[in-house]
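The values are calculated or read from the model by the stated rules, or taken from the named source; none is laboratory data. Every value quoted in this text rests on a predicted model; they were computed, and no experiment measured them. Reconstructed Cβ throughout: ideal geometry from the backbone, glycine too, with neighbour counts over all protein chains shown. These accessible areas exclude ligands, DNA and RNA; they are computed on the full protein's heavy atoms, side chains included. Shrake-Rupley method; radii C 1.70, N 1.55, O 1.52, S 1.80 Å.
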There are 4 protein chains.
Amino acid sequence: MMNLSSKRRIGVIGGSRTGEEFLKLAREVGRLIARHGAILVCGGLGGVMEEAARGAKEAGGMTIGILPGSRTAEANAYIDVPIATGLGYSRNSLVAMNADVLIAVDGEYGTLSEIAFGKIYGKPVIGLGTWDVKGVVEAKSPRRAVKLAIDAAKGDAKL
Amino acid sequence: MMNLSSKRRIGVIGGSRTGEEFLKLAREVGRLIARHGAILVCGGLGGVMEEAARGAKEAGGMTIGILPGSRTAEANAYIDVPIATGLGYSRNSLVAMNADVLIAVDGEYGTLSEIAFGKIYGKPVIGLGTWDVKGVVEAKSPRRAVKLAIDAAKGDAKL
Amino acid sequence: MMNLSSKRRIGVIGGSRTGEEFLKLAREVGRLIARHGAILVCGGLGGVMEEAARGAKEAGGMTIGILPGSRTAEANAYIDVPIATGLGYSRNSLVAMNADVLIAVDGEYGTLSEIAFGKIYGKPVIGLGTWDVKGVVEAKSPRRAVKLAIDAAKGDAKL
Amino acid sequence: MMNLSSKRRIGVIGGSRTGEEFLKLAREVGRLIARHGAILVCGGLGGVMEEAARGAKEAGGMTIGILPGSRTAEANAYIDVPIATGLGYSRNSLVAMNADVLIAVDGEYGTLSEIAFGKIYGKPVIGLGTWDVKGVVEAKSPRRAVKLAIDAAKGDAKL
């Protein structure tokens with residue numbers, strides 16, 4: 001666990017309810033994040049958040065879940081470090097704040113708020129079938145999304 | 001001040017930096033909100049927030065400003081009830097939470113986050129030259145925007 | 001409603017469950033705050049918060065309730081300006097932040113957290129049968145407590 | 001990093017400014033927490049927070065720092081998982097929320113707010129020269145404090 005705090009953090013945002021296809025994408029995104037040696041940050045609940053965390057754990061990675069409720073027990077089974085906030089939806093701001101780069105997979109208004117906070121905090125935002133708003137760089141595949149994210153987190157690319 | 005708590009609340013969201021045209025729109029929106037007897041809620045700072053509050057005060061209305069910082073003194077000069085939060089940008093969630101309906105005037109990512117929270121909390125969102133995202137009902141004029149907002153706040157119309 | 005924002009704000013903190021005697025004290029405190037022309041700030045719920053707000057309204061004052069939940073409807077019947085926060089107990093910090101001076105009536109751990117935040121934010125804290133901790137100035141009566149609070153809010157006295 | 005989320009979490013609270021003696025106690029508390037296999041949670045800044053985290057790292061433990069600001073870079077050098085909140089002092093609530101048990105070392109009003117939140121959230125609070133308030137179990141040594149904390153976290157003892 002040496003130098004955990006110096007590892008890059010990639011946030012994966014997306015809804016708790018989404019289609020099978022997006023869940024697969026999220027899991028693959030999680031796997032690739034872990035393979036690149038980055039930490040996965042997410043909202044800690046179900047759907048995209050759970051599949052991304054599951055993928056990251058399958059690939060031996062580490063996961064942080066920033067939860068809306070006041071109990072760490074509400075985290076999904078693949079979260080290593082659950083952080084309870086008790087802030088409700090306002091915790092979306094903290095998810096964006098704690099990642100170097102965000103990857104948005106599908107997503108409803110919660111995801112839109114996280115995209116907006118990502119941009120407020122100056123974080124690059126990469127999309128996989130998510131909101132088509134200014135400042136989101138759409139990627140064609142999980143592989144491409146994570147490549148972009150890692151490069152941006154390292155400062156090798158400016159998104 | 002009888003029954004202050006039963007008055008409708010219209011939130012006006014928009015950036016602290018915007019063009020002259022949008023500032024005029026914001027002021028007119030504020031005036032019309034006050035004339036309809038509703039309370040104006042905003043983020044309490046400059047630009048769209050300030051002009052909307054200024055308009056509301058010109059028309060004898062009441063204004064609430066939900067501030068990012070920890071001091072009520074940071075509110076603009078037209079805020080009757082400044083609320084300090086110390087939450088930084090996470091206070092955007094509280095602006096949306098404390099309005100029955102939102103009117104977005106222009107706006108950058110902060111406004112986008114408030115639109116998103118508005119929809120998360122089930123609040124109708126009306127736009128005047130703002131983000132073109134699903135769920136925002138674009139209005140052609142301040143008059144139309146406030147008419148839509150008041151009707152929606154009363155439950156006379158479903159947006 | 002002229003110059004609402006320049007009025008002094010006195011926060012009344014205390015538990016939702018307390019004895020009859022403390023409820024009476026809270027109501028009297030609220031009345032006196034209003035008679036001195038100050039605005040009452042509280043947590044917006046029941047018990048001490050409700051009785052203080054009730055007293056303030058009986059004396060023609062104005063009341064602000066900073067609520068833990070995300071709906072203004074949870075405010076007690078005597079709150080003019082309910083502010084929903086969705087922050088749960090973390091909203092205790094905002095109650096202290098939005099008052100110039102605090103008066104604590106009885107109270108459990110929620111009140112203790114508000115006393116602590118009051119001192120963190122440099123606000124004088126006056127007590128009526130509350131926690132006996134450093135920095136709380138115990139008063140013998142509502143009259144004395146409000147006198148001390150008003151003087152401190154005006155800067156006439158340093159507590 | 002297996003089963004990280006099932007490990008006990010002990011929060012160490014205390015001020016950023018304190019005497020040399022308390023800094024030593026904090027470091028020893030951190031060491032013992034790590035030796036018992038628990039994760040250390042703290043506010044992530046200097047003083048007691050830093051020495052406790054330093055002790056935990058010296059003993060091979062893991063540390064979480066829940067920060068007031070919006071940048072993880074403000075964490076002290078011994079924090080493995082910095083969590084930025086941007087909540088200012090309101091983050092004190094989250095420190096208490098994310099620990100199973102709290103150990104308070106010395107401390108000013110920030111610590112008092114964390115003690116209060118600990119009790120609000122039903123967490124046992126153990127003290128080392130801290131605030132003498134109801135519900136804080138004073139311990140005579142770091143060894144005793146951590147023993148009490150671990151037992152309480154396991155549910156073996158009720159504080």
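Accessible area per residue for chain C is 38 Å², calculated with a 1.4 Å probe on protein heavy atoms, without ligands, DNA or RNA. For residue C:23, the solvent-accessible surface with a 1.4 Å probe is about 40 Å², rounded to the nearest 10.
Given a 1.4 angstrom probe, I'd like the percentage of the accessible area of the stretch D:77-148 that is carbon and sulfur, rounded to a whole number.
51 percent
Of all DSSP bridge pairs formed entirely within the protein assembly as shown, close to 0 percent run antiparallel. Estimated translational diffusion coefficient (Stokes-Einstein, Kirkwood radius over Cα pairs, 20 °C, 1.002 mPa s) of the protein assembly as shown: 86 µm² per second.
Sketch the reach of a paramagnetic label on residue A:20 as a point 7 Å from Cα along Cα-to-Cβ, and name the residues of the stretch A:98-118 whose backbone nitrogen lies under 19 Å away. Taking a point 7 Å out along Cα→Cβ of residue A:20, the residues of the stretch A:98-118 whose backbone N falls under 19 Å are A:106-107. Taking the square roots of 5 times each eigenvalue of the Cα gyration tensor of chain C, largest first, gives ellipsoid semi-axes of 19, 17, 15 Å.
Here each label is just a point 7 Å from Cα along the line to Cβ, and for residue A:157 and residue A:6 those points are 2.5 nm apart. Per residue of A:129-135, other chain Cβ atoms within 10 Å of the residue Cβ number 3 on average.
When B and A come together, around 1700 square angstrom of accessible surface is lost from both chains combined, probe 1.4 Å. Relative to the other identical copies, residue D:151 shows label-point distances of 4.9, 5.9, 6.9 nm, where the label point lies 7 Å from Cα along the Cβ direction and values run shortest first.
Note on D:75-85: average number of Cβ atoms from other chains within 10 Å of each residue's Cβ is 5. With a 10 Å cut-off around each Cβ of A:114-124, the average count of Cβ atoms from other chains is 5. Remark on the stretch C:30-71: Rg and Dmax equal 9.9, 31 Å (Cα only). In chain A, Cα pairs under 8 Å separated by at least six residues give a relative contact order of 23 percent. Within the straight-line cut-off of under 17 Å between alpha carbons, the lysines reachable from residue A:158 are A:119, A:123, A:134, A:147, sequence neighbours fewer than 8 places apart in one chain being disregarded.
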